[in-house]
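The numbers here are math on the coordinates, done by the rules we state, and not lab data. None of these values were measured; they are calculated from a predicted model. Cβ atoms come from the backbone with ideal geometry, glycine included; neighbour counts cover every protein chain shown.
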């Protein structure tokens, strides 16, 4: 015979699964992206109860939220692709292009390297002059 503790734990697990399923349905139906938005649509559970049950760690709930984000991003990118608006098309290109291409079209590209901030790039003439000076010294 199952103990009272086992029965209570099973009921709690069953109730948690029910909450999880209902929350996933709410997420899908309303296109939610953020966990805290769940509580505006799902009133059977307060936020404290949700976190006490550790539902914020539920892979199914996190996947439903992530799926909404991916679908929305894809939909938005498709609209940008089909748009005649050059700004949207550039934004889409920047999201999809290589780092090299992004550097080439960027106005304020900051290359992270270990060059001296105070050093300047030398022109070919300056390089020749320095080379000549070095040759003359030796």
### Single match in 53, 92 (criterion: touching a helix residue (DSSP H, G or I) at 6+ places or on another chain (Cβ under 6 Å), closer than 20 Å to residue 21 by Cβ and surrounded by 14 or more Cβ atoms within 10 Å (Cβ to Cβ))
53
## Note on the structure
Residue hits (region 95-107; in a helix (DSSP H, G or I) and surrounded by 13 or more Cβ atoms within 10 Å (Cβ to Cβ)) are 102
### Message
So the check is Cβ under 7 Å with 6+ separation or different chains; which pairs have a first residue in region 90-107 that's over 16 Å from residue 74 (Cα atoms) and a second one that's part of a helix (DSSP H, G or I)?
### Response
102/94
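Yes/no matrix, rows are residues, columns are (1) under 23 Å from the mean Cα position of the chain (by Cα); (2) surrounded by fewer than 17 Cβ atoms within 10 Å (Cβ to Cβ):
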residue	(1), (2)
8	no, yes
13	no, yes
22	no, yes
30	yes, yes
33	yes, yes
49	no, yes
61	yes, no
66	yes, yes
